[in-house]
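Here is the structure we will look at, set down as structure tokens.
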Amino acid sequence: MKILDGRKISNDIKAEIKAEVDKMKERGEKVPHLAAIIVGNDGASLTYVGSKVRSCERVGFESTLIQMPSTTSELELLKKIEELNQNDDIDGFIVQLPLPDQIDTQEVIMAVHPDKDVDGFHPTNFGKMALDMSTFIPATPFGILELLERYQVETQGKHTVVIGRSHIVGRPMSILMGRKGFPGNSTVTLTHSRTKNISQITTQADIIISALGVPGFLKAEMVKDDVVIIDVGITRVADDSKEKGYYITGDVDFENVSKKASYITPVPGGVGPMTIAMLLKNTLLARERHRSRK
Ligand code: NAP
């Protein structure tokens, strides 16, 4: 069994990005600038946004964090998004999800200009991804592709089973694994909460990408020998014995499934760090595109 070490690979990617940014600085060029909007005080969201901003600083990007109160109206948020769309200094930005109930997430996703949509959530970018066109691939699926590529995990002709059909992970992952090329060329089955006899499907999988958010869902008896496991799940489980009052766990019963797997991502330290690294990569791409339009 080999660990797909997202922490190591994400550090490699950040070092590569930093080297590019250092060269930009030497040439006297403007460095990439990422902005992030967060609405409200959700603990997990604040943690994610905080580490995105810190990662920007580590690689030498400029970053701007915009915090808006949980009472923010949809109109107020849309106005802020339009300001960022128009701001020539900002190459790309994200709106941290989830949003408070009074705000329609779809409206927000549609309002971000596709050229600045480094999350890759806008329908224009999602459509381009599905049509194999160059675009921003959503950071978590992009990170999974990068892990598979850097560890040279064979995907061609394999049966990939994706668990979960969210717009940010499961659905795009199912499209990407079925694309022509590497990583890709898989035969893909997309499963969800209405799938019957899911164990019958997962036991036939060569690769399982689990993105449902149910701790310990995938058990050893649900997988075959030598399976490749990508565990996207991140759940905070309350635990008073921990300093933070919780621990983080994935969807996979790691202890037992890892004994059967050929490759497996740990949680934490697998897909999570890759997501941030690929957001930075998308921001670098946004900056290149921004410059080429000038
Ligand atoms: P989500 O929107 O929470 O949706 C969960 C998906 O799982 C849905 O499609 C749901 O089916 C399916 N599902 C729920 N229970 C199921 C069951 N018992 N059997 C089969 N399918 C089931 O998904 P998400 O936003 O992609 O998040 C999933 C997990 O990944 C969460 O733990 C989240 O924290 C984590 N995540 C991690 C990262 C990272 O960077 N590592 C990034 C994003 C998300 P229905 O569609 O039928 O409801």
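The values are calculated or read from the model by the stated rules, or taken from the named source; none is laboratory data. Since the model is a prediction, treat every value here as computed from it, not as a measurement. Quick reminder, even Gly has a Cβ in these numbers, built from the backbone with ideal geometry, and neighbours come from all protein chains shown. Accessible surface areas use protein heavy atoms only, side chains included; no ligands, DNA or RNA. Shrake-Rupley method; radii C 1.70, N 1.55, O 1.52, S 1.80 Å.
Quick one: count up the residues across the range 200-221 that are under 23 Å from residue 151 (Cβ atoms) and crowded, with 17+ Cβ neighbours inside 10 Å.
Within the range 200-221, residues that are under 23 Å from residue 151 (Cβ atoms) and crowded, with 17+ Cβ neighbours inside 10 Å number 9.
When you look at residue 154, is it at pLDDT 95 or above, acidic (Asp, Glu) and within 20 Å of the chain's Cα centre (by Cα), yes or no?
So residue 154 fails the test.
Taking only the range 79-132 into account, find how many residues are part of a helix (DSSP H, G or I), more than 25 Å from residue 291 (Cα to Cα) and touching a helix residue (DSSP H, G or I) at 6+ places or on another chain (Cβ under 6 Å).
Number satisfying all stated conditions: 1.
Looking only at the range 223-262, how many residues end up being surrounded by fewer than 20 Cβ atoms within 10 Å (Cβ to Cβ) and not in a strand (DSSP E or B)?
Counting residues in the range 223-262 that are surrounded by fewer than 20 Cβ atoms within 10 Å (Cβ to Cβ) and not in a strand (DSSP E or B) gives 17.
Are any of the residues in the range 169-186 within 11 Å of the ligand (Cβ to nearest atom), part of a loop (DSSP other than H, G, I, E, B), in contact with a Ser or Thr (Cβ under 6 Å, 6 or more places away or on another chain) and open to solvent by less than 50 Å² (accessible area, probe 1.4 Å)?
Scanning the range 169-186, I find at least one residue that is within 11 Å of the ligand (Cβ to nearest atom), part of a loop (DSSP other than H, G, I, E, B), in contact with a Ser or Thr (Cβ under 6 Å, 6 or more places away or on another chain) and open to solvent by less than 50 Å² (accessible area, probe 1.4 Å), so the answer is yes.
Anything in the range 247-267 that is free of Cβ contacts under 8 Å to residues at least 60 places away in the same chain and within 13 Å of the ligand (Cβ to nearest atom)? List them, or say none.
The answer is 248, 249, 250, 252, 267.
Can you run down the residue pairs with Cβ atoms below 9 Å, 6 or more apart or on separate chains, where the first is in the range 39-54 and closer than 14 Å to residue 100 by Cβ and the partner is among the β-branched types (Val, Ile, Thr) and surrounded by fewer than 16 Cβ atoms within 10 Å (Cβ to Cβ)?
From the range 39-54, the pairs are 40/71.
Do we find a residue being open to solvent by 60 Å² or more (accessible area, probe 1.4 Å), under 21 Å from residue 13 (Cα atoms), of a type in the set (D, E, K, R) and more than 9 Å from the ligand (Cβ to nearest atom) anywhere in the range 189-199?
There is no residue in the range 189-199 that is open to solvent by 60 Å² or more (accessible area, probe 1.4 Å), under 21 Å from residue 13 (Cα atoms), of a type in the set (D, E, K, R) and more than 9 Å from the ligand (Cβ to nearest atom).
Which of the residues belonging to the range 149-168 are touching a strand residue (DSSP E or B) at 6+ places or on another chain (Cβ under 8 Å), open to solvent by 60 Å² or more (accessible area, probe 1.4 Å) and within 16 Å of the ligand (Cβ to nearest atom)?
The answer is 165, and nothing else.
Any idea which residue in the range 222-243 is nearest to residue 148 (Cα to Cα), counting only those that are over 18 Å from the mean Cα position of the chain (by Cα) and within 16 Å of the ligand (Cβ to nearest atom)?
In this case the residue turns out to be 223.
Quick one: what pairs do we get from the range 210-237, first residue free of Cβ contacts under 8 Å to residues at least 60 places away in the same chain, second open to solvent by 60 Å² or more (accessible area, probe 1.4 Å) and among the small types (Gly, Ala, Ser), C-beta under 9 Å, 6+ apart or different chains?
212/193
Specify the residue that is farthest from the ligand (Cβ to nearest atom); the eligible residues are those in the range 283-294 that are open to solvent by less than 30 Å² (accessible area, probe 1.4 Å) and of a type outside the set (A, V, I, L, M, F, W, C).
Per the criteria, the residue is 290.
Collect the residues in the range 1-29 that are surrounded by fewer than 16 Cβ atoms within 10 Å (Cβ to Cβ) and in a loop (DSSP other than H, G, I, E, B), keeping them in residue-number order.
If the condition is that a residue be surrounded by fewer than 16 Cβ atoms within 10 Å (Cβ to Cβ) and in a loop (DSSP other than H, G, I, E, B), then 1, 27, 28, 29 are the ones that fit.
Just checking, which of 116, 79 is among the basic types (Lys, Arg) and open to solvent by less than 50 Å² (accessible area, probe 1.4 Å)?
116
Does the range 40-50 hold any residues that are open to solvent by less than 10 Å² (accessible area, probe 1.4 Å) and not in a helix (DSSP H, G or I), and which are they?
40
Sort through 212, 280 and tell me the only one that's within 10 Å of the ligand (Cβ to nearest atom), within 24 Å of the chain's Cα centre (by Cα) and not polar (S, T, N, Q).
Unique residue meeting the criteria: 212.
Starting from residues that are open to solvent by 30 Å² or more (accessible area, probe 1.4 Å) and more than 17 Å from the chain's Cα centre (by Cα), keep the ones in the range 91-110 and report whichever is nearest to the ligand (Cβ to nearest atom).
Of everything passing the filter in the range 91-110, 105 is nearest to the ligand (Cβ to nearest atom).
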